[in-house]
Structure formats: C-alpha cells, structure tokens
Amino acid sequence: MMILRHGTGDCGALGHPAPPAKVDSASIWRTAIAELLCQLPGVQRVDFAQGLLGARSPKPTSVLTLNLPHLAERLWKGRVCDEIPQKPSIGKDSEARWLTSGLKEYPPAMCKALAASFADRIQHCPVDPSICISIISSDMARRDQIIVKEYSLHIGPDYAG
C-alpha cells in the first residue's frame, strides 16, 4: 500500500507496535521492506507512546508516514499528560477481561493528530474539476445505514470464533 501511494504522490500512515528494545526480537520495523520504505522521500517513522495521548499504559507505537510531515509535531502538541503512564496492561482484570482490550482503540488525541495531518495534506492536493462522482440516493441510504451513531462501553473480542 505504501509503495503504491508513494508512486502516486499520495499520503498514508501505517501503525504498528514500536520495535522492542531487544534487537533480536521480531518487529515489522526490522524487515527489509520497512527499512526500504523508510529511505523513500516523504517517508518517516514516528515513534511515540500512546500513553501520553490518553492510553492507560505506555503502549509504544510507531507510525510510518508518507507525506504527513507534521504528524510528530501534532502528536507532541496533542498529548494529554506530561508523564508516560507506568501501569502495564497485562493479564486480566477482576471480571476476567483482558487488560489489553482497551488498548485496541486509539486514544482520541492520537486520532485528532492523524486526522489533522491527513486533512492538511488533502487540502493541498490538486483537484481536477472535470471529474465528478455522481451519488445516487441508494448510495446515500446505504451510507446512512453504516454510519455509527451510538457507542457502547463494551469492546468486543479482537478475534473471530
């Protein structure tokens, strides 16, 4: 995806856990393709702790960005605390729920930084006024059915079965 987007001058982001401190531990960031991508113009890897953005544990994360030069700055400015939370999210809570379940969703401050970075890039993309996408009413009705309007406090399993 990132190579195709790079070829078109587009933007993109790929998030994954940050590489572990032990250099012999597995990580996508240590693969040849990830190392190659990081050398392309307009590509950078941004490392940060989601805990500074509202996650309840450190959750070290890396995001490979393509033509999103201000993401690191937006993440830094969007942090909601000055100290990384030290409480680990390992094991289960008193109700036998996995403590990692709440970490499946990005903290709102991280989502805001990503959205602002994409919006900034998209605002500066050239537009061809001769291209018009016609939206018919059945498409709108289908769109209205899939838009989430209500949220629960329950986070479902991250596996099928």
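Just so it is clear, none of the values below were taken in a lab; they were calculated from the coordinates. Not measured: the values here are computed from a predicted model. A quick note on method: Cβ atoms are made from the backbone with ideal geometry, for glycine too, and the neighbour counts reach across all protein chains shown.
Some points to look at:
- Only lysines eight or more places from Lys149 in sequence, or on another chain, were considered; those with a Cα closer than 26 Å are Lys104, Lys112.
- GNM result for the chain, Cα springs below 10 Å: residue of Ile28, Ile90, Ile136 fluctuating most strongly: Ile136
- Semi-axis lengths, Å, the chain, gyration tensor of Cα atoms, sqrt of 5 times eigenvalues: 30, 25, 16
- Pairs of Cα atoms farther than 18 Å apart, the stretch 25-84, %: 42 percent
- Approximate spin-label separation Ile84-Ile146, in nm, with each point projected 7 Å along Cα-to-Cβ: 3.7 nm
- The stretch between Ala96 and Ser27, if pulled fully straight at 0.36 nm per residue, gains 21.9 nm over its current Cα-Cα span.
- Karplus-derived 3J(HN,Hα), 6.51/-1.76/1.60, for each residue of the stretch 118-127, Hz, glycine and proline x: 5, 4, 4, 5, 5, 4, 9, 7, x, 10
- FRET E, pair Arg56, Val127, Förster distance 45 Å, beta-carbon r, rounded to 0.05: 0.60
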